[in-house]
Amino acid sequence: MSVRDPALVVRGLRKTYEAGTAPVRALRGVDLTVRAGEFVALMGPSGCGKSTLLHLLAGLDRPDEGTIALDGTRIEDLAPQRLARLRRRSVGLVFQFFHLIEHMSALENVALAALVAGARPQEATARARDLLDQLGLLDKARELPAALSGGQRQRVAIARALANRPTLLLADEPTGALDSDGAAEVLDLFRRLHALGQTILMVTHSREVADGAQRLVRMRDGRILLDGEVTSGSIEVPAELRAASGPWARP
Amino acid sequence: MRTREGRGRLSSGGPILVARAVLRERWWALLALGVVFGLVGGLVPAAGAVAERTATAYTRLVEAVHLDDARTIVPADVPEVVAEVPTMPGAAAAWTPEAWIVQLDGSPVRFSSLIAGTPPGDLVAPVLVAGRAPDPAAPDEVVVSERSAETGVSLGAVLPVTMLTLDNVADFAVGFTAAGPRTTLRVVGVARMPSWGNALPDVVGGPGFAAAHAGTGIGHAVYVRFDDTPDAAARFTEAFTAAVARHPSVVSDYLAPALETPRTTPDQAVVAAERALLVGIGLFALVVGLGAVQVLGLGLLRTGAAARPARSVEAALGMTLGQSLGARALAAFPAAVVAGVLAAGVVIAAGTLEPLGSQARFEPAPGFRPQWALAAVGGPALTATFVLVAVLTAALTWRTSAAEEPGPAPRRSLVRRWPALLLGSRLAGAGGRRGLPPAVTVLAATAAVAGIVATVTVGASLDRLVEEPRRWAGGADAVLVDAREPDVARLVDDPRVQSLALSETSYAREPDGGLLGIAAQTVRKGTPPVELVSGRLPAAPDEIAVNPRLAAQHQLAVGDVLPLVAPDGTPRAMTVVGAVVVAREDYGELGQDLLATPDGLAAVAVPRALPLLTAHVFAVPGAGAGLAAELAAELELSPTATPDAVRNLADLTRLPGILTLVLVVVAGTGMVHSLLVGARRLAREMAVFTVLGATPGQVRTTLAVLAVATAVPAVLLGVPLGVGVARLFWWEVATAVGVGGDIAVPVGALALVVAAVPLGAVLVTTIPALRLRRLPATASLGAW
Ligand SMILES: Nc1ncnc2c1ncn2[C@@H]1O[C@H](COP(=O)(O)OP(=O)(O)OP(=O)(O)O)[C@@H](O)[C@H]1O
Ligand SMILES: [Mg+2]
């Protein structure tokens, strides 16, 4: 895969939930391209469909319409088995509430992901140790999640998401449950990963956190509203996107 | 922020408000739990009611029939003894109806004894279970025992009979023609007694019969009620024995007036069956009770877990933990009352059940017998249990959620080849933050497996005892009561005869005066009719083998010495060389107490004027029926009936099956329920696993590993435990009956348990696995 290939290409994505009385149109036609190595922040009001989009990208749920190409592979019609394999190879996920397995140590949480991705036991342990070391958590490797602070837990969760060397790291409000120190820790980590070439798509409600990213995408009501480079607080909309059929172009 | 007053009002009214809120939100779930717990949990006191009715059947019957303390039959030629009885020391009351022996017409070998008279009402009053009592004016009406009714002399039968004279009885061994008057017996009723026996015949006539046939009997039956003094039995026995010794009779050999004491001699067959039943009911109650509490606990745990945030709100509002728990108790109360009322109903309904198994034959008042007291206690007890479990589960949820402290880290960071195995084993071995601790689940499953294994094993042992007469030294094709040499020699030469042994029986005296039945056998062909339980058969005059029951009572082992006293008073030490079951001819208790060599028997046994030899004849396969029919035509055969002890147990053979079914259903439901609840609790972990890229198959494998982690230890521990329990229990029952106590291990059934439990557990997990597969993983992750 060359650097110029997009890590993610999304076209015309729609998703409607049949919940309760009225159907909820969570995504109403999303187009998004993330190039390899990009660090994209996704912002938008609550309920605008950010998490839904991430779910679809990770293959955890299916779109009603539209296409998703991950690493050049179309995933919207894959069988659950194939989706799972794709996920274990190409996707890493970080949640707001960490979702670590509480009965497993930090090391085991990370190694489990490597194992699922197909690593042999020694490799998995070595990789987990390595990641925890890089994230400054080697001394906590044998602790259970309950013994860690929020920031430490989130760093373990990030290590876990990286255990399979994902093409795309998806993070849904990774700093949402952390205090400002914890948030800074995580953001700093993401920037370092970005510097190392990791492709990241991160949902956040915090402008400060978003500022740490390279590119900012804004959503509203299930559509992409704005897309541009982050340049010290303002957004510079790239020309190609300005010309494209952004939702704001056709009100 | 809040005034003292305001805080106080909230604190006192708070629990009620919270209880109302919980009820509004959860009333349906609580009510459903109340109904289930009431109906299922009610089976526990209901089992108690059935157990009570079963266990007391015998004693209630003893009271209902005014069972005598001592009885015997005194020959007609010594009326002085009968006349003295009412005034003998120790006797408070006595009834001495006349007794007859009749020969049933058309059969040279069918005899029956009979008593008739006016019963005093408070001494020997058999309970009628069918028909009516004899009309006082009718000269031929009788009631018969249930045993007779079952074996041919049934209600409505009209039997022409000829009475025997006392001289006939004296000639019993040499042959005679019945010389008494001819008459007819009309069976108008069937009566129940705890024990019929030699001195209480199976046929009882009324005053009409007694008046019509007065003076023609062979003697009088004597039924005695002792007075309240502690040594009444001893004083009466001494006086009676002295009286018998003063007045010798011409028929001492056949009608030696030996005292029977029906009250003090517990019927071993009854004791064994009753013990088996009570253990069975106890096991049933235990399993059902544990199952009910488990279902209730898991159900309420969900309620408590749902109310977890509520507790933090309540705490913030100043409610103490006690008040919050009180609120949960209040909220649970209505459902608990429903449970209690239903349970009481179940107990009352259990009053329609007769005593279980053979004990039904002792029920003096068949029909509906509600246990109001048990219902009155059991209902509230279940209500209290419901409330208690509600409070405990709430406390458990809150305590564990508050204590989000680090548990001990896993000792080694052992990473295994299969991620599903790693995750499954970690989740299985983890502490109980999300539900019951795994140890409790494993223990419950172990208990269930052990219960099933024990029940199946005891059932197999029971079946084997009933189906293999050899185990109680039975199964002879013909038993000649009085075997004479020409017949024996002829049979030995008969190619249809496989084995033939002659048995001689008598009594041996212990140093303390007790009598033990003793037998000796001479094998004339084939193998002896003996079941060797352990050790070997006696080979020398001072060697003896004992019945397992006697061995257990006297704590005798091979190599021990059993002191006996020869008739002339010289002590004789007999060495125990084995445990054996030797057939007995009266089909009551199983097995003679002792087996000696013929020389040994001659040395220690009370000599009999006319030793009778019994021949046990075993035919070659297929020839049994023909040979028996041929012999029956010309010789007196002992009926080849199954001994009472085995019959009582045979009544129970369906019980282990039923119990196993109940155990499987209850334990199975409990296990399925806890597996399902467990899987539901792990939905988040499974979703995370999916997010990491686990396939649906891997998720399923993880749940299967969890199930196996419960099922395999349960099987590994439960099977040996169950076999051990069965061994102990069956040994108790078998030795009480008088047979060998080794269990029959149902290898096939056990293999099925070993295979089916883990397999079933794995199969159960396909249900949550399918559910997880249908739902997108994100549904279980809640707010990201
Ligand atoms: N499983 C579901 N069933 C029904 N409706 C859903 C489901 N998941 C999301 N929705 C709805 O879809 C819409 C988009 O939800 P989504 O979680 O993607 O929003 P979001 O942008 O992540 O919001 P937030 O910033 O609050 O996390 C919302 O209106 C939500 O209520
Ligand atoms: Mg969201």
Subject >> Residue satisfying all of: in segment A:20-39; among the β-branched types (Val, Ile, Thr) and over 24 Å from A:ALA213 (Cβ atoms); nearest to ligand 1 (Cβ to nearest atom) among these >> reply: A:VAL24
Original post:
In the list B:VAL124, B:VAL102, which residue meets the criterion of being of a type in the set (A, V, I, L, M), within 30 Å of the chain's Cα centre (by Cα) and buried (at least 17 other Cβ atoms within 10 Å of the Cβ)?
Top reply: B:VAL124
**OP:** Test each condition in (1) within 16 Å of ligand 2 (Cβ to nearest atom); (2) part of a helix (DSSP H, G or I) for A:LYS15 and report the one that comes out false.
**Re:** (2)
Original post:
B:LEU781: within 16 Å of ligand 1 (Cβ to nearest atom), of a type outside the set (D, E, K, R), in contact (Cβ under 8 Å) with a residue 60 or more places away in the chain and within 14 Å of chain A (Cβ to nearest Cβ), yes or no?
Top reply: yes
**OP:** May I ask you to say which residue of B:LEU772, B:LEU728 is more than 16 Å from ligand 2 (Cβ to nearest atom), more than 30 Å from A:ARG165 (Cα to Cα) and assigned to a helix (DSSP H, G or I)?
**Re:** B:LEU728
Subject >> Filtered residues of segment A:187-210 (kept if within 16 Å of ligand 1 (Cβ to nearest atom) and touching a residue at least 60 places away in the same chain (Cβ under 8 Å)) >> reply: A:LEU201, A:MET202, A:VAL203, A:THR204, A:HIS205, A:ARG207, A:VAL209, A:ALA210
Original post:
List, please: which pairs have Cβ atoms under 7 Å, are six or more places apart or on different chains, and start with a residue in segment A:42-63 that is touching a residue at least 24 places away in the same chain (Cβ under 8 Å) and of a type in the set (Lys, Arg) and end with one that is within 7 Å of ligand 1 (Cβ to nearest atom) and in a loop (DSSP other than H, G, I, E, B)?
Top reply: A:LYS50/A:GLY44
Subject >> Of all residues making up segment A:45-86, the number that are charged (D, E, K, R), at pLDDT below 90 and more than 16 Å from ligand 2 (Cβ to nearest atom) >> reply: 6
Original post:
Looking at this structure, is B:VAL620 under 30 Å from B:VAL733 (Cβ atoms), aliphatic (A, V, I, L, M), at pLDDT 90 or above and out of contact with any Ser or Thr (no Cβ under 6 Å at 6 or more places or on another chain)?
Top reply: no
Original post:
Do we find a residue being farther than 30 Å from B:ALA179 by Cβ, polar (S, T, N, Q) and modelled with pLDDT under 90 anywhere in segment B:59-76?
Top reply: yes
Original post:
With A:ALA213, A:ALA128, A:ALA159, A:ALA184 as the choices, which residue is more than 14 Å from chain B (Cβ to nearest Cβ), surrounded by 22 or more Cβ atoms within 10 Å (Cβ to Cβ) and more than 16 Å from ligand 1 (Cβ to nearest atom)?
Top reply: A:ALA213
Original post:
From the residues in segment B:463-487 that are assigned to a loop (DSSP other than H, G, I, E, B) and closer than 26 Å to B:ILE743 by Cβ, which one is modelled with the highest pLDDT?
Top reply: B:GLU468
**OP:** Determine whether segment B:383-404 contains at least one residue that is modelled with pLDDT under 90, within 11 Å of another protein chain (Cβ to nearest Cβ) and out of contact with any Gly (no Cβ under 7 Å at 6 or more places or on another chain).
**Re:** yes
**OP:** Tell me which residues, restricted to segment A:55-69, are more than 8 Å from every other protein chain (Cβ to nearest Cβ) and within 11 Å of ligand 1 (Cβ to nearest atom).
**Re:** A:LEU56
Subject >> Residue satisfying condition, being more than 9 Å from chain B (Cβ to nearest Cβ) and in contact with a helix residue (DSSP H, G or I) (Cβ under 6 Å, 6 or more places away or on another chain), within set A:LEU100, A:LEU135, A:LEU115 >> reply: A:LEU135
Subject >> Count - residues of segment B:206-251 that are buried (at least 18 other Cβ atoms within 10 Å of the Cβ), among the β-branched types (Val, Ile, Thr) and part of a loop (DSSP other than H, G, I, E, B) >> reply: 2
Subject >> Criterion (within 14 Å of chain A (Cβ to nearest Cβ), away from ligand 1 (no atom under 16 Å from the Cβ) and modelled with pLDDT under 90) met by exactly one of B:VAL705, B:VAL764 >> reply: B:VAL705
Original post:
Checking B:VAL723 against (1) more than 30 Å from B:ARG647 (Cβ to Cβ); (2) more than 16 Å from ligand 1 (Cβ to nearest atom), which single condition isn't satisfied?
Top reply: (1)
Subject >> Matching option when the condition is within 27 Å of A:LEU70 (Cα to Cα) and more than 16 Å from ligand 1 (Cβ to nearest atom), among A:LEU144, A:LEU137, A:LEU168, A:LEU148 >> reply: A:LEU168
**OP:** Check segment B:518-528 and report whether any residue there is surrounded by fewer than 15 Cβ atoms within 10 Å (Cβ to Cβ), modelled with pLDDT under 90 and closer than 24 Å to B:ASP599 by Cβ.
**Re:** yes
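The values are calculated or read from the model by the stated rules, or taken from the named source; none is laboratory data. As the structure is a prediction and not an experimental result, all values here were calculated from the model. No Cβ is skipped: glycine too gets one built from the backbone with ideal geometry, and neighbour counts run over all protein chains shown.
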